[in-house]
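S.K.: Handing you a structure now.
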Amino acid sequence: MRYETWFGNIEVELEGGEDKDLGREARRHYRDYARETGIAVKEKDYIELLKEECISLAKAKIKLKAEEREKSIERAITTMGELGDATNSLSEKLLDWYGEHFPELRLRREETLEVIAKYGSRKRIIESGLDEKIIKKAKESDGIELSGEEEKILRRFSKSIKEMRELEDELEGYVEGNIEAITPNLSSFIGPTLVAKLLSLSGGLKNLAFMPSSKIQVLGAEKALFKHLSRGVPPPKHGVIFQHPAIHNSKREIRGKLARDLAAKIAILARVDYFSGESRGDLIEEFKDEIKKKEKHK
Amino acid sequence: MRWNPQTSKFAAFLIKKDIDLRSNTKMLYLGAASGSTASHLSKILADGVIYAVEFSWKPMRKLVELSKGEKNIIPLFFDANRPEEYTPYVEMVDFIYQDIAQKNQVEIANKNAEIFLARGGVLLLMLKTRSIDAVEETKKIASAEIKRLDEKFNIIDVLKLDPFYKDHVAILANYDHP
Ligand SMILES: C[S@@+](CC[C@H](N)C(=O)[O-])C[C@H]1O[C@@H](n2cnc3c(N)ncnc32)[C@H](O)[C@@H]1O
């Protein structure tokens, strides 16, 4: 029977009936087969050739898997963070600007952006098939008039923001799909979505690995932290890690404690991922169990 | 570099138990990481070979570099859960050393032995036992895990690795499979 090996397919004969295992039989004689096929004539050739073969296979796989992707993923993560900040501040600018023309609109942010991109001036809104109430507001508005040039700019502005949002989503999808390669342990502990957010807020795996867990705990709550420091209001208990189900599903009283604990575990796994990259399934199980136990103690 | 029992479970094991590692031993090493233990073993098994399996790319990158300088370490970038993927590269071995901290560690050992471990071969399994609760738990987990080992294994010894590793137990077993 035919059997596949690194030096090609070999024909293995099974003597002694079906209870014999073909694979085990073949593997007992790999070196003999290799010698017969003329590939590794001397005993030490076998190991040398096999080693070369396995090294190049491993190298190819490392490249494919991660090494070359790593930089690209890190770039996508930092771009995602900056893009998020930029679109937020730009869309505030746009809404303020448009607010002078149509202060009564008062829709949610995304809807407003949509209306601006699609129609622009109140005049066009009145001619549109939009909701009666909006049309009425547009007719009675006290806002200043828009020139044609201004309208054109605002519409383009709004479309650009929408596109930046779409780019952000696309980046997020890419990062989530590939992040396991750079954070195998962290991703399996809290999921790729949250890891992507943490990395984008911290500026990458290296930064996260060097960050004290008290800071990880409030990553994404910078505004609240600033208020705490400048005005003495209570400090935030958690930042983006609030999105972890263990925290947002539990009672308010224990959230702070859980957040602290979760952040400490995230810090450890970020360091494992950054410094060694070894896969630590045992630690992950242990951490998950501990968090579960604490959740129950509510 | 000295072989340090603080950083290598194999070294810690050798301090506790004297085993006969012949220089022509063929070894399958599951969970070789970046190869610090493998590099010491490669000197002991000077006429043998070490098939070193590791599936995380960062340690594997180092293992590849190491193996270039050692004539008998074969780096295998594979998941030990799927031994059928590396059968083309690995011959029958007389020793399986496994140091993989995963939940299904015993299952991995069983699968790989079934495929690669010759009759009369030896398994040395570094069993991770959880240590969050008490010492008592370590014992319980160890014996539960040992029960899950394939019945073709005869247990030779079960050793604690303290004081070097408090949450690991070493299992030495013999394989009886034609
Ligand atoms: C505790 S470390 C081994 C340390 C190593 N024995 C030494 O003494 O230098 C465990 C290694 O097993 C690897 N590992 C975990 N699961 C694995 C799997 N399914 N297949 C292959 N390697 C695995 C991890 O990536 C990690 O590098």
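S.K.: Quick check on my filter: what residues within region A:225-239 are surrounded by fewer than 17 Cβ atoms within 10 Å (Cβ to Cβ) and not polar (S, T, N, Q)?
M.R.: Scanning region A:225-239 gives A:Leu225, A:Phe226, A:Lys227, A:His228, A:Leu229, A:Arg231, A:Gly232, A:Val233, A:Pro234, A:Pro235.
S.K.: Have a look at B:Thr7, B:Thr37, B:Thr87 and point out the one that is assigned to a helix (DSSP H, G or I) and β-branched (Val, Ile, Thr).
M.R.: Going through B:Thr7, B:Thr37, B:Thr87 in turn, just one is assigned to a helix (DSSP H, G or I) and β-branched (Val, Ile, Thr): B:Thr37.
S.K.: A follow-up question, please. Please count how many residues of region B:7-23 are open to solvent by 60 Å² or more (accessible area, probe 1.4 Å) and either within 11 Å of the ligand (Cβ to nearest atom) or of a type in the set (Gly, Ala, Ser) (or both). I'd like the intermediate steps shown before the answer.
M.R.: The first filter runs over region B:7-23 and keeps only residues open to solvent by 60 Å² or more (accessible area, probe 1.4 Å), leaving B:7, B:15-16, B:18, B:20, B:22.
Still in the list and also either within 11 Å of the ligand (Cβ to nearest atom) or of a type in the set (Gly, Ala, Ser) (or both): B:7.
Residues meeting the conditions: 1.
S.K.: Moving on to the next point. Can you name the residue in region B:24-34 that is farther than 18 Å from A:Glu53 by Cβ and either part of a loop (DSSP other than H, G, I, E, B) or away from the ligand (no atom under 14 Å from the Cβ) (or both) and, of all such residues, is farthest from the chain's Cα centre (by Cα)?
M.R.: Per the stated criteria, the residue is B:Asn24.
S.K.: Among the residues of region B:157-175, is any open to solvent by 10 Å² or more (accessible area, probe 1.4 Å), away from the ligand (no atom under 15 Å from the Cβ) and within 14 Å of chain A (Cβ to nearest Cβ)?
M.R.: no
S.K.: Also: Quick one: count up the residues across region A:4-31 that are more than 20 Å from B:Pro83 (Cβ to Cβ), open to solvent by less than 100 Å² (accessible area, probe 1.4 Å) and at the interface with chain B (Cβ under 10 Å from one of its Cβ atoms).
M.R.: 2
S.K.: Right, here's the next one. How many of the residues in region B:107-119 are more than 13 Å from every other protein chain (Cβ to nearest Cβ) and more than 13 Å from the ligand (Cβ to nearest atom)?
M.R.: So the count comes out to 1.
S.K.: Working carefully through the options A:Arg35, A:Arg24, find the one that is under 28 Å from B:Phe55 (Cα atoms), at pLDDT 90 or above and assigned to a helix (DSSP H, G or I). So that I can check it myself, show each step before the final result.
M.R.: On the way: A:Arg35 fails: under 28 Å from B:Phe55 (Cα atoms).
Going through A:Arg35, A:Arg24 in turn, the sole match is A:Arg24.
S.K.: Continuing with the same structure: Looking at A:Gly220, A:Gly232, A:Gly204 in this structure, which one is on the phi > 0 side of the Ramachandran plot and in contact (Cβ under 8 Å) with a residue 40 or more places away in the chain?
M.R.: Values: A:Gly220 fails: in contact (Cβ under 8 Å) with a residue 40 or more places away in the chain; A:Gly232 fails: in contact (Cβ under 8 Å) with a residue 40 or more places away in the chain.
Exactly one residue qualifies, and that residue is A:Gly204.
S.K.: When the residues of region A:245-260 are narrowed to those that are open to solvent by less than 30 Å² (accessible area, probe 1.4 Å) and modelled with pLDDT of 90 or more, which ends up farthest from the other protein chains (Cβ to nearest Cβ)?
M.R.: A:Ala259
S.K.: May I ask you to verify whether A:Ala58 is hydrophobic (A, V, I, L, M, F, W, C) and modelled with pLDDT under 85?
M.R.: In short, no.
S.K.: Restricting to region B:36-90, count the residues that are more than 8 Å from chain A (Cβ to nearest Cβ), touching a strand residue (DSSP E or B) at 6+ places or on another chain (Cβ under 7 Å) and away from the ligand (no atom under 13 Å from the Cβ).
M.R.: 2
S.K.: Return yes when A:Ile126 is in contact with a helix residue (DSSP H, G or I) (Cβ under 6 Å, 6 or more places away or on another chain) and of a type in the set (Val, Ile, Thr) and no when it is not.
M.R.: yes
S.K.: Could you tell me how many of the residues in region A:118-133 are farther than 17 Å from A:Glu149 by Cβ and either open to solvent by less than 50 Å² (accessible area, probe 1.4 Å) or part of a helix (DSSP H, G or I) (or both)? Reasoning before the result, please.
M.R.: Pass one, region A:118-133, residues farther than 17 Å from A:Glu149 by Cβ: A:118, A:125-133.
Imposing the further condition that a residue be either open to solvent by less than 50 Å² (accessible area, probe 1.4 Å) or part of a helix (DSSP H, G or I) (or both) reduces the set to A:118, A:125-128, A:130, A:132-133.
The total comes to 8.
S.K.: Please find, within region A:61-72, the residue that is most open to solvent (accessible area, probe 1.4 Å) out of those that are facing chain B (nearest Cβ under 9 Å) and at pLDDT 85 or above.
M.R.: Here the answer is A:Lys61.
S.K.: Pairs needed: first member in region A:186-197, free of Cβ contacts under 8 Å to residues at least 40 places away in the same chain; second member anywhere, buried (at least 24 other Cβ atoms within 10 Å of the Cβ) and of a type in the set (S, T, N, Q); C-beta distance under 9 Å; at least 6 residues apart or different chains.
M.R.: A:Pro192/A:Thr183; A:Val195/A:Thr183
The values are calculated or read from the model by the stated rules, or taken from the named source; none is laboratory data. Computed from a predicted model, the values in this text were never measured in an experiment. Methodologically, a virtual Cβ is constructed for each residue, glycine included, from the backbone with ideal geometry; neighbour enumeration extends over all protein chains shown. With ligands, DNA and RNA removed, areas are computed over all heavy atoms of the protein, side chains included. Shrake-Rupley method; radii C 1.70, N 1.55, O 1.52, S 1.80 Å.
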